[in-house]
Amino acid sequence: AVYGGDPRAPSGSPARELYDEGVRMGSCGMAVYSLTCSLYSMVVEQLISRIGARAVYMAGQLTHCCGMLAMGLIRQRWAVIVLSCAAGVLYATIFTIPFILVASYHSQGLIREADGKGY
């Protein structure tokens, strides 16, 4: 259970308090993740134009891998907050790059129907 607590323990008991604290910390981590995802989504297009889509995608994957590995190894409460940013970078990367690429391909006329006609 979260932080070694027990969600079925009576309210006010030490086990329930530990569980509730863990849920609050997890919620804070998700808030940081969401904020990071939103902020990174606003700059990912500029990053792609500067260093390329492949480099941005690989950097997003590497950031997530290192962050989650560090979170598993550190196992401290502050790590949940700080390293949740890594998940935000990954999700912003995988949710924005495909749409940016499709828009780019359409604007360059690289996407065609099966009969060879463009859209």
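The values are calculated or read from the model by the stated rules, or taken from the named source; none is laboratory data. This structure is a prediction, so every number in the text was calculated from the model and none was measured. For neighbour counting, all protein chains shown are included, and Cβ atoms are generated from backbone atoms with ideal geometry for every residue, glycine included. The area values use the complete protein model at the heavy-atom level, side chains included, leaving out ligands, DNA and RNA. Shrake-Rupley method; radii C 1.70, N 1.55, O 1.52, S 1.80 Å.
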Out of PHE99, PHE95, report the one residue that is of a type in the set (Phe, Trp, Tyr), without any contact (Cβ under 8 Å) to a residue 24 or more places away in the chain and open to solvent by 100 Å² or more (accessible area, probe 1.4 Å). PHE99
Of all residues in the stretch 42-63, which are closer than 15 Å to TYR91 by Cα and either touching a Gly at 6+ places or on another chain (Cβ under 9 Å) or charged (D, E, K, R) (or both)? VAL44, GLU45
Tally time: how many residues in the stretch 1-48 are of a type in the set (Ser, Thr, Tyr), free of Cβ contacts under 8 Å to residues at least 12 places away in the same chain and closer than 30 Å to GLY60 by Cβ? 1
Within the bounds of the stretch 25-39, is there any residue that is outside any helix (DSSP H, G or I) and open to solvent by 40 Å² or more (accessible area, probe 1.4 Å)? no
